[in-house]
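Let me begin by presenting the structure, written as structure tokens, before commenting on it.
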Number of protein chains: 4
Amino acid sequence: MTALSTLPPDTARAVRAAREKVCALHAELTRWSLVTWTSGNISERVPGTDLIVIKPSGVTYEDLTPDSMVVCDLDGTPVEDGCSPSSDTDAHAYVYRHMPEVGGVVHTHSTYATAWAARGESIPCAITAMADEFGDDIPVGPFALIGGDDIGRGIVATLSGHRSPAVLMAQHGVFTVGKDAKSAVKAAVMCEDVARTVHLARQHGPVDRLAQEHIDALYDRYQNVYGQRKGTDS
Amino acid sequence: MTALSTLPPDTARAVRAAREKVCALHAELTRWSLVTWTSGNISERVPGTDLIVIKPSGVTYEDLTPDSMVVCDLDGTPVEDGCSPSSDTDAHAYVYRHMPEVGGVVHTHSTYATAWAARGESIPCAITAMADEFGDDIPVGPFALIGGDDIGRGIVATLSGHRSPAVLMAQHGVFTVGKDAKSAVKAAVMCEDVARTVHLARQHGPVDRLAQEHIDALYDRYQNVYGQRKGTDS
Amino acid sequence: MTALSTLPPDTARAVRAAREKVCALHAELTRWSLVTWTSGNISERVPGTDLIVIKPSGVTYEDLTPDSMVVCDLDGTPVEDGCSPSSDTDAHAYVYRHMPEVGGVVHTHSTYATAWAARGESIPCAITAMADEFGDDIPVGPFALIGGDDIGRGIVATLSGHRSPAVLMAQHGVFTVGKDAKSAVKAAVMCEDVARTVHLARQHGPVDRLAQEHIDALYDRYQNVYGQRKGTDS
Amino acid sequence: MTALSTLPPDTARAVRAAREKVCALHAELTRWSLVTWTSGNISERVPGTDLIVIKPSGVTYEDLTPDSMVVCDLDGTPVEDGCSPSSDTDAHAYVYRHMPEVGGVVHTHSTYATAWAARGESIPCAITAMADEFGDDIPVGPFALIGGDDIGRGIVATLSGHRSPAVLMAQHGVFTVGKDAKSAVKAAVMCEDVARTVHLARQHGPVDRLAQEHIDALYDRYQNVYGQRKGTDS
């Protein structure tokens, strides 16, 4: 077990910054009604390290503090004594080990997205907001039990080479990835939004997937032009 | 009628603590939108006594104070003058008399759970969050009129020997139990959450119950591993 | 036009109290999400007078003050210069003229209740909370245009001799009545709640009306036993 | 590029007022839950000028300030350095160029309205609130890609000569117009409200459009009588 107190000053500062950012971002999960009780969690890779910062297990959102965030290695093992990490840490850690481009991971059971997941049905790319953010249908991953690498493996197998930063794990919920935790949170927020809109749309008739060329054009523009600086999404 | 003022100091402190806890927990019912106007209530057994603390009847949630909570014996009779106890006190008291392991009871008419109850249909255990918390389908209890032991009897008959801490009383609403009031509140919150998700999931196609072995594995893990300390749920 | 400044002191105090109460109660309409923009309104009869106090027309809820409430006679005519009364004042006034037992009236376009109204379908008394508050199905009134007595006449014709304090005016919205404004607000809140629950319940199968004898028993008990004092509802 | 610092004092004051108003109105989009993350935007024509003020691109609602609002000419080009304007600016600008009576434009992906748009189905004028505000069905505009005049052209073609201030752009979302930004915001709020109500109404049976003469009467009255002063809507 690495003593965090012996980290180089730069790394210690990066860990501290990640604790604060990951803690604060959990407020977005409640603000956008993506979580119930303690059911969702966020993690972020500490830049330049093999460490991640993740929500502690079973702590309610209003009780979270930067210090209660748990620092783990890429096997998901806490590097110091303190709170237990989220019971989903194994899945997060697997994603970080196998998708080096990923800097943030979010897990929720958000209502509409989980309803699609409960049926094991992918969300068709039927509206422009979905083409912008996801660039494709939001895919379904396999059913997998918690407590090992099965969930992580299912996420990585489904998202590798896919434009979508979100996967619906069958009969379970949503995992999203991003270049950092904020991007992954945004994907989780937008996933629930489009899951709800397309769910409702289909209640009164069929909904067509957008033409592939339109999806491609929208995705390309949004990823490269939108926002205040090229390549950012905020 | 027992004069609370003559209780031993330890018991008086336990009553006071229960008043404060039960009062505060009602804020969770409004926060998670489980109640409308004055329609839900929470009680807790005072540890080491034959007393319970319960919401007063017909008082809105923002007007609740620890002192307005009503202390009753296990027959549901107030032990001092003051507010009338919830009109559901008979049902709570029956549960405490017949399920000694229960330390907290919650009653709501939360929307989606009550919609299942209105049809008299149990909620199939179709998503992992449901297996975690309920370990089975959420069962339906009988239709019963208020004003006697019928509701309490229906709750006890349905939940005895069942993993689920929640029962859908037919054409009425939800009762949940727990080792304390907080656990019962959590069950009420999660009951509405899974009731909503499975309701929505079925709107666009069939939803499969999880395999029994998966339900068993998830339930066992959640009850024994999740959270900061073995055996707690927060 | 009566000059309010020349009212006897007791009446002036009663008018002032009604202004404050009606103004404050509008916060319940937003709290329970019954209104959008400026779409709902509350009025109260000033006890012992032929005056009513009602929301001003087209003013948003956060801009309401006791002084902006409009005092009208029972023909709906303002008794002093100031804000224009709600465009629904004619309907409120008609109800007060023809139902002397009514002390408060509320009008909303709350979502689920208005959905039933759009189809012109009454809400079957299928859950106990509905039997408690409404004692019957919530009935549908006729389609009527604003700007005269047609709406008021439809309300009175539908609610006279009916237990329900709520009527769904066809393709329009909800009117509720009560012994005072607070009771009418409670009926409006509960109407939306049961409209939503029964709407959702029917999405996955038929919902049975409660047996008449059970409705009668529940209604009688709720109207006479519930709450802190016999005959109150709070 | 016009230097705003060289504007005549009156125009500079009008620009400042528009910045403050447009910034503040974005709070209505979040209050009425019309937007997710950064997905909606508001603009207003600066009275007496060929300038518009619009939301900056990709900035979250709580980070908006009057100074971050972007001033553009009627081609949608910013007139000074600073934040990039909304990626929907081209569409807004096209509307201002071709509909001189329009002083405000709002764009959202509000859930229920976008569900209708996803199917490409107009919302039938089935309830009185809809006749009041929209005077007709809410029409569907063509599918159009972002990044040019296609969206603006679709809006103008659909709304020109139509009573409705709202258009559902196919598989995209809602655009609304008004005499100023506040009116367009009100139309966006009411559009989502009626989209939701009619969506729900149709889930349990057919919903009839109001008779044309009733729509005409309601629309005429609401546009000319409602509110505190003739011709205003607040």
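The values are calculated or read from the model by the stated rules, or taken from the named source; none is laboratory data. Here the structure is a predicted model, which means the values were calculated and not measured. Using ideal geometry, Cβ is built from the backbone for each residue, glycine included, and neighbour counts are taken over all protein chains shown.
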Residues of region B:88-124 being touching a helix residue (DSSP H, G or I) at 6+ places or on another chain (Cβ under 8 Å) and among the hydroxyl-bearing types (Ser, Thr, Tyr), in sequence order, are B:Tyr94, B:Thr108, B:Ser110, B:Thr111, B:Tyr112, B:Thr114, B:Ser122
Find all pairs meeting these conditions: Cβ atoms under 6 angstrom apart; at least six residues apart or on different chains; first residue within region D:165-181 and free of Cβ contacts under 8 Å to residues at least 40 places away in the same chain; second residue part of a strand (DSSP E or B). D:Pro165/D:Thr176; D:Pro165/D:Val177; D:Pro165/D:Gly178; D:Val167/D:Gly141; D:Val167/D:Phe175
Only one residue in B:Gly58, B:Gly120 is at positive phi, surrounded by fewer than 23 Cβ atoms within 10 Å (Cβ to Cβ), within 12 Å of another protein chain (Cβ to nearest Cβ) and touching a strand residue (DSSP E or B) at 6+ places or on another chain (Cβ under 9 Å). Which one? B:Gly120
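Could you tell me whether C:Thr176 is buried (at least 24 other Cβ atoms within 10 Å of the Cβ), within 14 Å of chain B (Cβ to nearest Cβ), in contact with a Pro (Cβ under 9 Å, 6 or more places away or on another chain) and of a type outside the set (A, V, I, L, M, F, W, C)?
Details: buried (at least 24 other Cβ atoms within 10 Å of the Cβ): yes; within 14 Å of chain B (Cβ to nearest Cβ): yes; in contact with a Pro (Cβ under 9 Å, 6 or more places away or on another chain): yes; of a type outside the set (A, V, I, L, M, F, W, C): yes.
In short, yes.
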Determine if region B:138-152 includes at least one residue that is over 29 Å from A:Gly120 (Cβ atoms) and either charged (D, E, K, R) or at the interface with chain A (Cβ under 10 Å from one of its Cβ atoms) (or both). yes
For the subset of region D:64-88 comprising residues that are touching a Cys at 6+ places or on another chain (Cβ under 6 Å) and surrounded by fewer than 23 Cβ atoms within 10 Å (Cβ to Cβ), which member is nearest to D:Phe143 (Cα to Cα)? D:Pro78
With the first residue restricted to region B:13-41 and required to be among the charged types (D, E, K, R), and the second required to be exposed (fewer than 15 other Cβ atoms within 10 Å of the Cβ), Cβ contacts under 9 Å at 6 or more apart or on different chains are B:Arg19/B:Thr65; B:Arg19/B:Asp67
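Test D:Arg163 against the stated conditions and say whether it is among the charged types (D, E, K, R), surrounded by 19 or more Cβ atoms within 10 Å (Cβ to Cβ) and modelled with pLDDT of 95 or more. Spell out how you get there, then give the answer.
Details: among the charged types (D, E, K, R): yes; surrounded by 19 or more Cβ atoms within 10 Å (Cβ to Cβ): no; modelled with pLDDT of 95 or more: yes.
For D:Arg163, the condition - among the charged types (D, E, K, R), surrounded by 19 or more Cβ atoms within 10 Å (Cβ to Cβ) and modelled with pLDDT of 95 or more - is not met.
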Does region B:32-45 include one or more residues that are at pLDDT below 95 and hydroxyl-bearing (Ser, Thr, Tyr)? yes
In region C:189-234, the residues that are within 7 Å of another protein chain (Cβ to nearest Cβ), assigned to a loop (DSSP other than H, G, I, E, B) and at pLDDT 95 or above: C:Gln203, C:His204, C:Gly205, C:Val207, C:Leu210
Residues of region C:64-123 being without any contact (Cβ under 8 Å) to a residue 12 or more places away in the chain and touching a Gly at 6+ places or on another chain (Cβ under 7 Å), which ones? C:Arg119
Sort out which residues of region C:133-149 are in contact with a Leu (Cβ under 9 Å, 6 or more places away or on another chain) and buried (at least 21 other Cβ atoms within 10 Å of the Cβ), and write them in order of number. C:Ile138, C:Gly141
Matching residues, region A:103-117, being more than 11 Å from every other protein chain (Cβ to nearest Cβ) and either touching a Leu at 6+ places or on another chain (Cβ under 9 Å) or of a type in the set (D, E, K, R) (or both): A:Gly104, A:Val106
For B:Glu80, the lone unmet condition from (1) of a type outside the set (S, T, N, Q); (2) part of a helix (DSSP H, G or I); (3) in contact with a Leu (Cβ under 7 Å, 6 or more places away or on another chain) is (2)
Which of the residues spanning region B:139-165 are within 22 Å of C:Leu210 (Cβ to Cβ) and either of a type in the set (Phe, Trp, Tyr) or outside any loop (DSSP other than H, G, I, E, B) (or both)? B:Val140, B:Gly141, B:Phe143, B:Asp150, B:Ile151, B:Gly152, B:Arg153, B:Gly154, B:Ile155, B:Ala157, B:Thr158
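Condition check ((1) under 16 Å from the mean Cα position of the chain (by Cα); (2) over 26 Å from C:Gln223 (Cα atoms)) across all residues:
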| residue | (1), (2) |
| --- | --- |
| B:Leu4 | no, yes |
| B:Ala12 | no, yes |
| B:Arg16 | no, yes |
| B:Ser43 | yes, no |
| B:Leu51 | no, yes |
| B:Pro78 | no, no |
| B:Ser84 | no, no |
| B:Ala91 | yes, no |
Residue hits (region D:68-102; within 30 Å of A:Arg31 (Cβ to Cβ) and within 14 Å of chain A (Cβ to nearest Cβ)) are D:Ser68, D:Met69, D:Val70, D:Gly82, D:Cys83, D:Ser84, D:Pro85, D:Ser86, D:Ser87, D:Asp88, D:Thr89, D:Ala91
Picking from D:Val156, D:Val167, the residue that is touching a His at 6+ places or on another chain (Cβ under 6 Å), under 22 Å from D:Gly104 (Cα atoms) and more than 10 Å from chain C (Cβ to nearest Cβ) would be D:Val156
Tell me which residues, restricted to region D:12-45, are of a type in the set (A, V, I, L, M) and either surrounded by fewer than 23 Cβ atoms within 10 Å (Cβ to Cβ) or farther than 18 Å from D:Thr77 by Cα (or both). D:Ala12, D:Ala14, D:Val15, D:Ala17, D:Ala24, D:Leu25, D:Ala27, D:Leu29, D:Leu34, D:Val35
